[in-house]
Amino acid sequence: MEDRWLALLGVIGPLAAYAFVGVSILSAPWFSWMKNALSDLGHALRRETAVYYNFGLALSGFLIIVYAITALRKHAKYTSLCLAGSAFFLQLVAVFDEIYGRLHGIVSILFFVSLGVAALVYTVEKRSVLGGASFVIGSVAWALYEFDVYEAGVAVPEIISATAVALWIMLSAIRIYKMPPQESK
């Protein structure tokens, strides 16, 4: 399969996560952006949301890994390794849901830290302003949350930082897809 078609997984992967998270939120009348973490949707005892949420994260992680190690690898070698690692941590967030307590917390932190690292590596490797902006936006969202500058659940900095990174991932995939076939190989 041509790399340019595999590049579409860099768009489909993040969108799949948002679609399944959206379905989970719609299935959870108890969910509040002011009180909850996104991972609350994946708690194994919340069957009405956990299946959608955890499947969505696992699927998204898989699709992003395939994108990273195929299409992206040829255009941003170091970024592809970092992004594949981050996508693997995303899958671990789904596998070790909140019922696992501290282990879930560790893999969640590793996921968000690795997202930031991937953004920084992309910024340097591709001289990407968007990659740098996504790192800054994500970092500021987390810092403002940690210093209680605003009142909200942890879901707010989670969605802000993930969305900022998802934008450069999807844009990188679209750029690879748009390349003439001989350049994308």
Inset, instruction - Using a/c under 1.5 as the rounded threshold, could you call the range 2-88 rounded, prolate or oblate? The axes a ≥ b ≥ c are square roots of the C-alpha gyration tensor eigenvalues, and prolate needs a/b larger than b/c, oblate otherwise. - result: prolate
Legend entry - Label-point gap, in nm, between Ile109 and Lys178 - each point 7 angstrom along Cα→Cβ: 4.0 nm
Inset, instruction - Label the range 42-185 by shape, choosing from rounded, prolate and oblate, from the square roots a ≥ b ≥ c of the eigenvalues of the Cα gyration tensor; if a/c is under 1.5 it is rounded, and otherwise prolate applies when a/b is larger than b/c, oblate when it is not. - result: oblate
Legend entry - Heavy atoms of Lys77 accessible to a 1.4 Å probe, total area in Å² rounded to 10: 110 Å²
Inset, instruction - For the range 124-168, just list the percent of Cα-Cα distances falling in each 5 Å bin from zero outward, please. - result: 5, 25, 28, 19, 12, 7, 3, 0
Inset, instruction - Return one quarter of the surface area of the convex hull spanned by the alpha-carbon atoms of the range 32-77, equal to its mean projected area, in nm². - result: 4.4 nm²
Inset, instruction - Rank Ser60, Thr123, Val107 by how far each Cα sits towards the positive end of the charge dipole of the chain (+1 on Lys, Arg Cβ; -1 on Asp, Glu Cβ) and give me just the farthest. - result: Thr123
Legend entry - Backbone HN-Hα couplings from phi across the range 36-52 [Karplus 6.51/-1.76/1.60, Hz, Gly and Pro as x]: 9, 9, 4, 4, 4, 5, x, 4, 4, 7, 9, 4, 5, 10, 4, 4, 5
Inset, instruction - Mind putting a number on the dipole of the chain about its Cα centre? Charges go on the C-beta only, +1 for Lys and Arg and -1 for Asp and Glu, and I need it in Debye to the nearest 20. - result: 660 debye
Inset, instruction - At 7 Å along the Cα-to-beta-carbon direction for both Lys77 and Ile99, put a label point, then send me their distance in nm to one decimal. - result: 4.3 nm
Inset, instruction - Provide the per-residue ³J(HN,Hα) series for the range 137-146, in order, calculated from phi with Karplus coefficients 6.51, -1.76, 1.60 and θ = phi - 60°, each as a whole number of Hz, with x at glycine and proline positions. - result: 4, x, 5, 5, 4, 5, 5, 4, 5, 5
Inset, instruction - Using only Cα atoms, figure out Rg for the range 107-185 and give it as a multiple of 2.2 N^0.38 Å. - result: 1.26
Legend entry - Selected from Val121, Val149, Val11 as most flexible by GNM, with the chain as the system and alpha-carbon contacts under 10 Å: Val149
Legend entry - Cut-off under 5 Å, modelled amide H: who pairs with Gly153 long-range: Met34, Lys35, Asn36
Inset, instruction - Calculate one ³J(HN,Hα) per residue across the range 57-74 by plugging θ = phi - 60° into the Karplus curve 6.51 cos²θ - 1.76 cosθ + 1.60, and present them in order as whole Hz with x for glycine and proline. - result: 5, 5, 5, 4, x, 4, 5, 5, 4, 4, 4, 4, 8, 10, 5, 5, 3, 7
Legend entry - Dipole magnitude of the range 1-107, debye to nearest 20 (Cβ charges: Lys/Arg +1, Asp/Glu -1, about Cα centre): 200 debye
Legend entry - Helical contribution to [θ] at 222 nm, DSSP H n ≥ 4, -39,500 (n - 2.57), averaged over the chain, rounded to 500: -24500 deg cm²/dmol
Inset, instruction - Calculate, for Thr163 and Leu45, the FRET efficiency according to 1/(1 + (r/R0)^6) with r their C-beta to C-beta distance and R0 22 Å; round to the nearest 0.05. - result: 0.20
Inset, instruction - Select from Trp168, Trp30, Trp142 the residue whose mean-square fluctuation is largest in a Gaussian network model of the chain (Cα-Cα springs shorter than 10 Å). - result: Trp30
Legend entry - C-alpha center-to-center spacing [the range 41-62, the range 151-181] in angstrom: 20 Å
Inset, instruction - Tally up the carbon and sulfur contribution to the accessible surface of the range 99-185 as a whole percent, 1.4 Å probe, everything protein left in place. - result: 70 percent
Inset, instruction - Output the relative contact order of the chain, whole-number percent, from Cα pairs under 8 angstrom with separation of 6+ residues. - result: 30 percent
Inset, instruction - Express in Å², to the nearest 10, the accessible area of Leu72 obtained by rolling a 1.4 Å probe over the protein heavy atoms while all chains stay in place. - result: 0 Å²
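The values are calculated or read from the model by the stated rules, or taken from the named source; none is laboratory data. The structure presented is a predicted model; accordingly, all values stated were derived computationally and were not measured. Reconstructed Cβ throughout: ideal geometry from the backbone, glycine too, with neighbour counts over all protein chains shown. Protein only, heavy atoms only, side chains kept; ligands, DNA and RNA dropped before computing areas. Shrake-Rupley method; radii C 1.70, N 1.55, O 1.52, S 1.80 Å.
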